[in-house]
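One structure is given below, encoded as C-alpha cells.
The values are calculated or read from the model by the stated rules, or taken from the named source; none is laboratory data. Because the structure is predicted, anything quoted here is derived from the model rather than measured. Cβ coordinates were reconstructed from backbone atoms using ideal geometry, including for glycine residues, and neighbour counts include every protein chain displayed. In case anyone asks, the SASA skips ligands and DNA or RNA and just uses the protein heavy atoms, side chains included. Shrake-Rupley method; radii C 1.70, N 1.55, O 1.52, S 1.80 Å.
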Amino acid sequence: MQHFIKTALLAAMLVAPGLAVAAGGHTDAGHSEASHGHSDMGQGPIREYRELTPQEATIQAVLDTYGRAMEQRSVEIMEQAVIPGDFSTIESGYPNWSWEDFRDNHLKIEMAAVSDVSYDIALILGEFQGSLGFAIFRYTAGGTVQGRKTGITGLGTAILEATDAGWRIHHLHTSAPRNQLEAMEQGTH
C-alpha cells in the first residue's frame, strides 16, 4: 500500500498545476518553456530536431539502459535502469505493481519468448524537479516470436527518481495503438 501511495503522490506532483505536461509545456513561477529547453511535444522525439540538454541527455541515458536491457535480455542491466525495490509498470493496461512481479511474471517470460530484440526509446519531453523527474517518450520494439518477426511502436511516460546509484525509473507506463496490439495477438503484425 505504501508503494501505491508513493506512486500516486509522485504522479500527482508531476501533473500538478504549473507543470501541465499534457498540454505540451508549462509555465510555473517564472519558468517558461524556453527556459527549460523544450517546446511543442508535437514535434516528436527531441533528437530529431535538436541536441538534448544535459538534463535530457541524463534522462535519455536511463531510457537507453532500459532499452539495452530489453535488447540484451538482461535482468541485471534492467536493474541499472529501474529502482528494483520500488518499481511498478503498466503496459497497455496490464499492471505489475512491484519489481519482483514485473521481473518474474513479465520480463523473464518476455525475454525467454522473444529473440533478435530491437528496442529504441526516444525522449519527447522530460525534466527533473528536485529528486523527481519525468519523461514522455516514443518506443519502438521488435523481435522474433516463434519464428515470426513482430514489432510495435507506442508512447510512454516514466517517473524517475534520484537514488544513491543515480537516476532510475520508479514507474513506467507504455501503451500502443489498439490495432497494433490486436495484430500481434492474431499473428498478423
All positions within the range 74-110 that are without any contact (Cβ under 8 Å) to a residue 40 or more places away in the chain, open to solvent by less than 40 Å² (accessible area, probe 1.4 Å) and in contact with a strand residue (DSSP E or B) (Cβ under 9 Å, 6 or more places away or on another chain): ASN96, TRP99, PHE102, HIS106, LEU107
Residue among THR163, THR188, THR150 that alone is modelled with pLDDT of 95 or more, more than 11 Å from the chain's Cα centre (by Cα) and surrounded by fewer than 18 Cβ atoms within 10 Å (Cβ to Cβ): THR163
Residue that is most open to solvent (accessible area, probe 1.4 Å), among those in the range 131-147 that are under 15 Å from MET70 (Cα atoms) and over 13 Å from the mean Cα position of the chain (by Cα): VAL145
Yes/no for GLU71 being of a type outside the set (A, V, I, L, M), closer than 19 Å to GLY154 by Cα, open to solvent by 60 Å² or more (accessible area, probe 1.4 Å) and modelled with pLDDT under 95: no
The range 114-130: number of residues that are within 26 Å of LYS149 (Cβ to Cβ) and open to solvent by 40 Å² or more (accessible area, probe 1.4 Å): 4
Checklist (1) more than 24 Å from PRO177 (Cα to Cα); (2) touching a Lys or Arg at 6+ places or on another chain (Cβ under 7 Å) applied to MET111, failing item: (1)
Tabulated pairs, the range 34-59, first on the phi > 0 side of the Ramachandran plot and at pLDDT 80 or above, second not in a helix (DSSP H, G or I) and not small (Gly, Ala, Ser), C-beta under 9 angstrom, 6+ apart or interchain: GLY44/ILE124; GLY44/ARG138
Index of the failed condition, ALA61 passing every other in (1) surrounded by fewer than 16 Cβ atoms within 10 Å (Cβ to Cβ); (2) within 14 Å of the chain's Cα centre (by Cα); (3) not in a helix (DSSP H, G or I): (3)
Some residue of the range 2-24 being open to solvent by 30 Å² or more (accessible area, probe 1.4 Å), assigned to a loop (DSSP other than H, G, I, E, B), over 14 Å from ALA158 (Cα atoms) and at pLDDT 95 or above: no
